[in-house]
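Student: Quick one: the structure is below, questions incoming.
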Amino acid sequence: MDTQNPSVPTQAQSRLAANNHPHRRPHSGGLTHDNTRHTTRFTVIGNHLAQHSELSLLAIGLAVHIQSLPKGARVDIKTLAARFPEGAARIAAALRELEAHGYLRRTRERVGDGRIVTRTVSCNQPGARHTDHDQPVRRAARPAPKKRALPAVPQPAFPSPALLQAAADLLTELRRQDPRLLLSACDTRHLAPGVAVWLERDVSATAVRQALTADLPPEGLRRPAALLAHRLTAQLPPSPPFRAPAPPPDTRHPLQTCDGCDRAFRSPVPGRCRDCRSDLTAA
């Protein structure tokens, strides 16, 4: 009786062998997922909401529905009660749960026409840093870009109104040759003195027009007035050489008869000749 059979397994070994038996079926209880990856029309929901320990099942489901809606959708109690079979009282209680745990923020505001509306903000991750969506985000107004000043142009020595008007007319007519050279009144006033210098230096209007419009770039002109100002300065011709005024031509007066000696002489008016005037002066 005290003889042991070493080939007989102990009781504990028998249970272990039974658990590892190849024909034993695994435990069939618990959840199994059959997942397919979404590529369109899906909403990302955090486990902090889906597995919230303090929210009711109705509140969790309502939060999932609200987070799946597009911006601007109506989520008031009346609209939700018409959408789901739960009554308005249960939906209102679920909304209060979500609001208490930070998944909803509701504020009442008065709009321009005097009505009071409720604005609802859905938070998919309460407590995270966020921008206050209750109020429209006001971005700091960017300062308007300053318009760069046009390059300086030469100034005429004698800026007469007629000369400046002729220069302004020449600039205004440039758009007839190239529509891209359409200038504003301000740009025309700035460039007119530069054109006046060219005209002052005996350059014809045709030559000035040719210098300003020749060999323009084929692409669009971003600042045509700046290009013209550069050309008026860079291509300014030198002043013409000084020429002494030609002496006036000799005037040939008509022949007159001297009142003293009847001799003919040239004079603008009748009278005495030079000799008779000298004798009269001596006498």
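The values are calculated or read from the model by the stated rules, or taken from the named source; none is laboratory data. Here the structure is a predicted model, which is why all the values come from computation and not from measurement. Don't worry about glycine lacking a Cβ; one is built from the backbone with ideal geometry, like all the others, and counts go over all protein chains shown. Calculation scope for accessible area: heavy atoms of the full protein, side chains included, ligands and nucleic acids excluded. Shrake-Rupley method; radii C 1.70, N 1.55, O 1.52, S 1.80 Å.
Student: May I ask you to list the residues in segment 108-153 that are modelled with pLDDT of 70 or more and closer than 30 Å to PRO193 by Cβ?
Tutor: LYS146, LYS147, ARG148, ALA149, LEU150, PRO151, ALA152, VAL153
Student: Taking the conditions exactly as written (open to solvent by 100 Å² or more (accessible area, probe 1.4 Å), assigned to a loop (DSSP other than H, G, I, E, B), modelled with pLDDT under 90 and touching a Leu at 6+ places or on another chain (Cβ under 9 Å)), does ARG74 satisfy them or not? It would help to see each step written out before you state the result.
Tutor: Details: open to solvent by 100 Å² or more (accessible area, probe 1.4 Å): yes; assigned to a loop (DSSP other than H, G, I, E, B): yes; modelled with pLDDT under 90: yes; touching a Leu at 6+ places or on another chain (Cβ under 9 Å): yes.
Yes, satisfied.
Conditions tested, residue by residue: (1) of a type in the set (Lys, Arg); (2) open to solvent by less than 40 Å² (accessible area, probe 1.4 Å).
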site	(1), (2)
LEU31	no, no
VAL44	no, no
ASN47	no, no
HIS52	no, no
GLU86	no, no
ALA100	no, no
TYR103	no, yes
ARG106	yes, no
GLN125	no, no
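Student: Right, another one. For a quick check of your reading of the model, give me the residue pairs whose first member lies in segment 92-114 and is among the β-branched types (Val, Ile, Thr), whose second is at pLDDT below 85 and open to solvent by less than 80 Å² (accessible area, probe 1.4 Å), with beta-carbon atoms closer than 9 Å and at least 6 apart or on different chains.
Tutor: Every condition considered, the pairs that remain are THR107/THR118; THR107/ASP134; VAL111/VAL117.
Student: Quick one: count up the residues across segment 85-119 that are within 26 Å of SER53 (Cβ to Cβ), out of contact with any Gly (no Cβ under 9 Å at 6 or more places or on another chain) and among the hydrophobic types (A, V, I, L, M, F, W, C). Don't jump to the end; show me each part of the working.
Tutor: The first filter runs over segment 85-119 and keeps only residues within 26 Å of SER53 (Cβ to Cβ), leaving 85-87, 89-106.
This time we only want the ones that are out of contact with any Gly (no Cβ under 9 Å at 6 or more places or on another chain), so: 85-87, 89-93, 95-101, 103-106.
With the extra rule that they be among the hydrophobic types (A, V, I, L, M, F, W, C), the set shrinks to 89, 91-93, 95, 98, 100, 104.
Qualifying residue count, segment 85-119: 8.
Student: Can you find even one residue in segment 243-260 that is in contact with a His (Cβ under 8 Å, 6 or more places away or on another chain) and among the charged types (D, E, K, R)?
Tutor: No: segment 243-260 contains no residue that is in contact with a His (Cβ under 8 Å, 6 or more places away or on another chain) and among the charged types (D, E, K, R).
Student: Moving on to the next point. Kindly establish whether LEU228 is in contact (Cβ under 8 Å) with a residue 24 or more places away in the chain and over 16 Å from GLN155 (Cα atoms).
Tutor: No, not satisfied.
Student: Condition first: modelled with pLDDT under 85 and surrounded by 13 or more Cβ atoms within 10 Å (Cβ to Cβ). Now tell me which residues in segment 218-255 satisfy that.
Tutor: Across segment 218-255, the qualifying residue is only LEU221.
Student: Moving on to the next point. Any residue at all in segment 187-200 that is assigned to a loop (DSSP other than H, G, I, E, B) and open to solvent by 20 Å² or more (accessible area, probe 1.4 Å)?
Tutor: No: segment 187-200 contains no residue that is assigned to a loop (DSSP other than H, G, I, E, B) and open to solvent by 20 Å² or more (accessible area, probe 1.4 Å).
Student: Quick one: what pairs do we get from segment 186-215, first residue on the phi > 0 side of the Ramachandran plot and at pLDDT below 95, second open to solvent by 10 Å² or more (accessible area, probe 1.4 Å) and of a type outside the set (D, E, K, R), C-beta under 6 Å, 6+ apart or different chains?
Tutor: ASP202/PRO240
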